[in-house]
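The structure appears right after this line, and notes come after that.
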Amino acid sequence: MTALAPPPVGVRPTTNGGRSNAPVAWMAVPALAMFLAFGVVPLLGVLFLSFTTWDGIGEIQPSGLTSWRSVLSDPGLPHALWVTFLIMALSWLAQTPLSLLIGVFLAGRQRYREFLAILYFIPLLLSSAALAITFKALLDPNFGLGEGLGIELLRQDWLGESKLAMGVVIFVVSWQFIPFHSLIYQGGVRQIPTSMYEAAEIDGAGRLRKFFSITLPQLKYTIITSSTLMVVGSLTFFDLIFVLTAGGPGDATRALALDMYKRGFQANLMGPASVIAVILVLVGLGLALLLRRLGGRGDESQLEGA
Amino acid sequence: MISRRNFLNLGVGAGAAAALAACGSEGPGTSGGGSKAGSASYWFLTGQPGEGIRQHAVDRFNQANPDAKITATTFQNDAYKTRIKTAIGAGQAPTIIWGWGGGGLKSYVEAGQVEDLTDWFGQNAAVKDRLFPTAFGPATINGKIYAMPAETVAPIVLYYNKEVFEKNGAKAPETWDDVMNLVTLFNGKGIAPFSLGGQSRWTNMMWMEFLFDRIGGSEVFQAIFEGKANAWSHPAAKEALTKLRQLIDADGFVKGYATITADSNADQALLYRGRAAMMLHGAWTYGSMSNDGGDFVKSGKLGYMNFPVVTGGKGDPSSTVGNPGQYYSISSKATAEQKETAKKFFKDTVLNDAEVKEWIDSGNIPIVKGTESSFASSKDADFLKFIYDTSANAKNFAQSWDQALSPTAAEALLDNIAKFFQKSGGISPDQFITNMNGVIGK
């Protein structure tokens, strides 16, 4: 029940004749088939299930709007939406500046930077579940890092207090995904023509000025791409939160994806779980579209005067 | 060539949970484990010593029956609970379904997913008669038996660290007032009174189960189980919840308990390392504490007792809660040959003498009658006798709430328990009662 939002694809009007269009259409078939099989078909199934009552084991009973009513009148829904939004906003705020800076730093061609780039990349290779288990062990108030190093400050009830637990989730998410976004920014920075920097230097611009006047504006689309991935991706954070806090303490970190899982697979309420899945898809689509809008039309040149 | 249906199943199975998986549940069962017609599959839980003993039983069966083997797949406790439900719903259940009986089994029965074994037990009275009669309770749904009771009886026990008690001049608690006094005493010495793996939720539930029973007797939960309207509003429920709230507020549980999971066994480590004085936990933890705790259990530092009484309470002090057994069901989607293999396994191998010995050696009481004579020679004779007597003499042996209730009601219960156990910002006893009355009978 993953919420699959199509990545924003710039549709460019083709000037080709009809003859060369045929092979291009063929090339889309594998992607389209995958998207249909793994995206659209399950989505339709979920939509169908949201109008039924099913415990996941017995017969599926069509039940109209019962599931929708029960979910929409449940105070758990606005709470889960709020938690999801909080995770989205906070993890974006934590990740974007850091990965931007690291990306700019790694774009340099010096040897030691290449080495550091590989080091930074390591967290991305680990699975979320393994990461969560590791951090959980490190944060154990009795046998974890605080105990091992004898630092009282680290001996908190990390996952037992609402605010701390949320902080831990944001931290681990950032720790895992900053390398990925740094990589995107690194690529983005390397695309910027050096002639721009040379011209700026001749005009007497310093490091900071160059960063704010050239690097940052030139990275506009990279920022939008990376933000879209972060924002839409944060909707589906599940494994990490599930292993780390299981939505707790209480329901302090119960985001939409987790709420869906708990209703569907723990409480055997597949109807309401499907309703949440549909809501997740709608929120994801809405956000992706919104971020595309923010990016403007996407066809104005960034290299004017370069 | 891939047919369209297979292609759809592929997409659904890998892509998006069980959304459409039920569509694939008709037709012959695909639950066979091996290639031969009679080969059966069997899923069970990891975690020693049970994992090894279960595997040995399978190995013994396979050696004796080379033509109809059983293939085992193992899962971690909390992961298994969801995995098995999904598999059954998708028509991918193993031939032998390991379970806890009660509400979960009832949902399989209502969906027609498990075999009715009543007649089989009628024909094989010898299999039935050698097991504890109490073990058949959670296997019986609407008067019919749908599972083979197996493995061990595991009441919940109050463990304590004798060394810590002696050092601090403490005595094992006999009443709830003693418990609260011990909380003050141990907190004053910088020792956590109770260890608790609070993130697992069912660990917290054990406290409610006992307090409800000791204060109001077994009928309080019985009414809830039967789905009577507003059954949670019983005055005993309010009193039990208030007492529990006082215990939480008095720092009765180890700092950071909400961060600890039971699967990590960190709660047990706190007890055997002397960081916590007491722990309310299942009899099954004795085995892991013997394994992991160095010489803690061997040197007799582990104390154990039934839950103390609450002064003025109506409950019987001999009553207990826990698991009256574990339960093996047969998938109704399995082929006739696979079902035969499973029944042969139940009859010849499950809880045979070799398995009984292994359970006793690991510090557990198998649900087989008349094993007392084998305890005496065991290194864990005292504990085994204690568990045997607790189980046999209990006026009431209640099944754990989350397993007795339907999965929907159980999830609502665990969810509210997690909220109730929050140190700061937890819900009040009244809120808990209101929330739970709202989902009664579901």
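The values are calculated or read from the model by the stated rules, or taken from the named source; none is laboratory data. Owing to the predicted nature of the structure, the values given are computational and were not obtained by experimental measurement. A quick note on method: Cβ atoms are made from the backbone with ideal geometry, for glycine too, and the neighbour counts reach across all protein chains shown.
Table for the structure above
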| quantity | calculated |
| --- | --- |
| Filter result for A:Gly150 (more than 14 Å from every other protein chain (Cβ to nearest Cβ) and not hydrophobic (A, V, I, L, M, F, W, C)) | yes |
| Selection count, region B:92-114, where residues are within 22 Å of the chain's Cα centre (by Cα), assigned to a loop (DSSP other than H, G, I, E, B) and either within 14 Å of chain A (Cβ to nearest Cβ) or of a type outside the set (Phe, Trp, Tyr) (or both) | 5 |
| When residues of region A:43-68 are limited to those that are in a helix (DSSP H, G or I) and away from every other protein chain (no Cβ under 12 Å), the one surrounded by the fewest Cβ atoms within 10 Å (Cβ to Cβ) | A:Thr66 |
| Residues (basic (Lys, Arg) and either not assigned by TED's automatic domain parsing to the domain that holds B:Lys357 or not in a helix (DSSP H, G or I) (or both)) located in region B:52-91 | B:Lys69 |
| Some residue of region A:133-146 being out of contact with any His (no Cβ under 7 Å at 6 or more places or on another chain) and away from every other protein chain (no Cβ under 14 Å) | no |
| Filtered residues of region B:183-220 (kept if assigned to a loop (DSSP other than H, G, I, E, B) and within 14 Å of chain A (Cβ to nearest Cβ)) | B:Gly190, B:Ile191, B:Leu196, B:Gly197, B:Arg201 |
| Cβ-Cβ under 7 Å pairs, at least 6 apart or on other chains, region B:422-437 side over 22 Å from B:Leu196 (Cβ atoms), far side hydrophobic (A, V, I, L, M, F, W, C) and in a helix (DSSP H, G or I) | B:Ile433/B:Trp232; B:Ile433/B:Ala237; B:Asn437/B:Trp232 |
| Residue among B:Gly303, B:Gly315 that alone is in contact (Cβ under 8 Å) with a residue 60 or more places away in the chain, assigned to a strand (DSSP E or B) and farther than 30 Å from B:Gln92 by Cβ | B:Gly303 |
| Test: residue in region B:352-362 that is within 21 Å of B:Gln403 (Cβ to Cβ) and either of a type in the set (Val, Ile, Thr) or not assigned by TED's automatic domain parsing to the domain that holds B:Arg60 (or both) | no |
| Helices (runs of 4 or more DSSP H) lying entirely in region A:158-244 (those with 1 or more residues that are among the hydroxyl-bearing types (Ser, Thr, Tyr)) | A:162-191, A:194-202, A:220-235 |
| Residue satisfying condition, being crowded, with 17+ Cβ neighbours inside 10 Å, in a loop (DSSP other than H, G, I, E, B) and under 27 Å from the mean Cα position of the chain (by Cα), within set B:Pro155, B:Pro173 | B:Pro173 |
| Residues (more than 24 Å from B:Ala87 (Cβ to Cβ) and more than 10 Å from chain B (Cβ to nearest Cβ)) located in region A:242-269 | A:Thr253, A:Ala255, A:Leu256 |
| So B:Gln403, is it surrounded by 20 or more Cβ atoms within 10 Å (Cβ to Cβ), part of a loop (DSSP other than H, G, I, E, B) and assigned by TED's automatic domain parsing to the domain that holds B:His281 | no |
| Every pair of residues 6+ apart whose Cβ atoms lie under 7 Å, when the first sits in region B:376-397 and is closer than 18 Å to B:Asn291 by Cβ while the second is among the charged types (D, E, K, R) | B:Ser378/B:Asp361 |
| Filter result for A:Val40 (modelled with pLDDT of 80 or more and either surrounded by 12 or more Cβ atoms within 10 Å (Cβ to Cβ) or closer than 27 Å to A:Ala267 by Cβ (or both)) | yes |
| Conditions (1) more than 18 Å from A:Gly248 (Cβ to Cβ); (2) more than 14 Å from chain A (Cβ to nearest Cβ); number of the one not met by B:Ala276 | (2) |
